[in-house]
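First up is the structure itself, then whatever we jot down about it.
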Amino acid sequence: MMKYEQTQYGWFVIIVFLLVIGFLFLAYLNQWGNNPIPRTPFLIMIAVFITPLALFYKMTIRVEERTVRIIYGIGLIRKEFSPERILNMEIYKIPWYYGMGIRITHEGWLYSLNSFKSVKITFPKDGKNKTILIGSPEPEKLIAVLEVHFPDYEPVIS
């Protein structure tokens, strides 16, 4: 069975955070201003910006056998889905105001980084239907891979 792996980088997040970290570093190094940043607050601020950067600079989607894995950044934040069967899959346009990262929406959980397209997947879990949205720049390819890995899926024809 073919494996699928697709990695997206959050260039906006990377650039903004690196600019802020660079500015803080220069401000500390050159002791800018009338009241320069002391060492401890500088180190705390650097940690505050490096931590989310490391956790969310990229998102990887992996599909292996009957498992979908979503891994953010260095891998500390990850989500795995192993639905017994998929009820529905469709391409869903993500509104700009949903933002990026991990969000709860009225459609279900959203896992996205820099894409305005996603694959909306509905599957049964604990007697209820659960819906997730996985942001992807290539949703058609992701759906094709999921159809191979979940052979009991039959698309709803409208």
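The values are calculated or read from the model by the stated rules, or taken from the named source; none is laboratory data. The structure presented is a predicted model; accordingly, all values stated were derived computationally and were not measured. Using ideal geometry, Cβ is built from the backbone for each residue, glycine included, and neighbour counts are taken over all protein chains shown.
Taking each residue of the stretch 41-69 that is in contact (Cβ under 8 Å) with a residue 12 or more places away in the chain and looking for partners that are polar (S, T, N, Q) with beta-carbon atoms closer than 6 Å, six or more apart or interchain, yields Lys58/Thr7; Met59/Gln8; Thr60/Thr7; Ile61/Gln6; Arg66/Ser82; Thr67/Ser82.
Listed here are the residues, each with its yes/no results for (1) closer than 20 Å to Arg62 by Cα; (2) in a helix (DSSP H, G or I); (3) among the basic types (Lys, Arg).
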residue: Asn114; (1), (2), (3): yes, no, no
residue: Ile121; (1), (2), (3): yes, no, no
residue: Pro124; (1), (2), (3): no, no, no
residue: Lys130; (1), (2), (3): yes, no, yes
residue: Ile134; (1), (2), (3): yes, no, no
residue: Pro137; (1), (2), (3): yes, no, no
residue: Val148; (1), (2), (3): yes, yes, no
residue: Pro151; (1), (2), (3): yes, no, no
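With respect to (1) closer than 25 Å to Lys3 by Cα; (2) at pLDDT 95 or above; (3) buried (at least 16 other Cβ atoms within 10 Å of the Cβ); (4) not hydroxyl-bearing (Ser, Thr, Tyr), the lone exception for Arg69 is condition (3). Restricting the stretch 72-122 to residues that are without any contact (Cβ under 8 Å) to a residue 24 or more places away in the chain and basic (Lys, Arg), the residue that is nearest to Ala144 (Cα to Cα) is Arg78. All conditions but one from (1) free of Cβ contacts under 8 Å to residues at least 60 places away in the same chain; (2) under 16 Å from the mean Cα position of the chain (by Cα); (3) over 22 Å from Phe17 (Cβ atoms) apply to Asn129; the one that does not is (2). Only one of the numbered conditions (1) of a type in the set (Ser, Thr, Tyr); (2) surrounded by 13 or more Cβ atoms within 10 Å (Cβ to Cβ); (3) closer than 26 Å to Phe12 by Cβ is not met by Tyr97, and that is (2).
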